[in-house]
Amino acid sequence: MRVKPDLPLDAVGVGNAIVDVIANVPDDFLVEQGVVKGAMTLIDTERATSLYAAMPPGIEVSGGSAANTMAGVASLGGRASYIGKVRDDQLGDVFRHDTQVGGVAFDVPAATTGAPTARSLIQVTPDGERSMNTFLGISAHLSPSDVDDALVESAAITYCEGYLWDRPEAKDAIRHAMNVAADAGRIVSLTLSDSFCVDRHRDEWLDLIADRVDLVFANEAEVCSMFETDDFDSAAVQIAELVEVAALTRSANGSVVMFGGDRIDIGVTPADHVVDATGAGDQYAAGFMYGLSIGADLMRCGELGSIAAGEVISHIGARPRVELATLI
């Protein structure tokens, strides 16, 4: 897989623009609050209010899967931009500021009406697992009119977030961005985001991946869910039949890159201590795509993904705390 050279951007991400509220909690908290461990659960305004009130003090940082990935690309030295929707409210200002300070261009105008900026209430248990309860707010109302065609055409890779697929207008925005990128001869990428997302959208995504996607990112649970099997090796072979490249993460077991009839197994980059798994997959994708942008082979792309993921799991939060470029 080769990116088109001499383009203004290495990657543009399309996703839910979300501010994360992250707190450490015991496992008992999840049971008491009825939180599904390790999953991303969509919640309404009432649930967001009650769960936020029950959580211990935490930190607020800009997030959203694709936005985190673009922050990782920029931290590695790549040129990245982001397409997402926020309101003209306090959290919208926080999201725009954090994203731009992180080196990612974000120029989508803030909405002046409608739901507030999205937020995700994230509980981190002692094993580092994160459970996300997400109020999508205005972010889910991203539409094709919010997608700047010229911006997509200027990027070597268009990276779309599966989490965004839950509303018709957002689904149309992703399809539009993918079509623009494909027509311009760019790489189209999709991250499956969550096994529960896969369960909701399996048939649509199988068609989408076969028809429009060049590069898929997924973890072991997500790719197995896609093909309704517990056999990772079988699922890996099946996804490879649909796309040019599939980059599949396996937590402590590293990652697997499938392309054509070939398979590359890549080890993890050890972390001194797993503090928070939030964003590990997002940063793996960042490292992998940055590798593609500099012409690295697929083995090295996977290694760069592992390095980026290894950094982000060593602290609270889904974006790098150090310049990833210094680690590679």
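Values in this text are rule-based calculations from the coordinates and carry no lab data. The model shown is predicted, which means the values in this text are computed figures rather than measured ones. Backbone-built Cβ (ideal geometry, glycine too); neighbour counts: all protein chains shown.
Residue-by-condition table, conditions (1) touching a residue at least 40 places away in the same chain (Cβ under 8 Å); (2) in a helix (DSSP H, G or I):
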position	(1), (2)
Val152	yes, yes
Tyr159	yes, no
Gly185	yes, no
Val198	no, yes
Arg202	no, yes
Ile209	no, yes
Phe217	yes, no
Cys224	no, yes
- Please find, among Arg87, Arg47, the residue that is crowded, with 17+ Cβ neighbours inside 10 Å and either more than 22 Å from Cys160 (Cβ to Cβ) or of a type outside the set (A, V, I, L, M, F, W, C) (or both). Arg87
- Tell me, please, whether a residue that is among the hydrophobic types (A, V, I, L, M, F, W, C) and out of contact with any strand residue (DSSP E or B) (no Cβ under 8 Å at 6 or more places or on another chain) can be found in the range 46-63. yes
- Query: Which residue pairs have Cβ atoms closer than 7 Å, lie 6 or more positions apart in sequence or on different chains, and pair a first residue in the range 99-127 that is at negative phi with a second residue that is β-branched (Val, Ile, Thr) and assigned to a helix (DSSP H, G or I)?
  - Reply: Phe106/Thr99; Ala111/Ile138; Ala115/Ile138; Pro116/Ile138; Thr117/Ile138; Ala118/Ile138
- Please find, among Val243, Val257, Val274, the residue that is assigned to a loop (DSSP other than H, G, I, E, B), in contact with a Gly (Cβ under 9 Å, 6 or more places away or on another chain) and either surrounded by fewer than 24 Cβ atoms within 10 Å (Cβ to Cβ) or hydroxyl-bearing (Ser, Thr, Tyr) (or both). Val274
- Of everything in the range 288-306 that's more than 16 Å from Arg250 (Cα to Cα) and part of a helix (DSSP H, G or I), which residue is nearest to the chain's Cα centre (by Cα)? Met289
- Note on the structure: Those residues of the range 84-104 which are more than 17 Å from the chain's Cα centre (by Cα), over 21 Å from Gly58 (Cα atoms) and not in a loop (DSSP other than H, G, I, E, B) amount to Arg87, Gln100, Val101
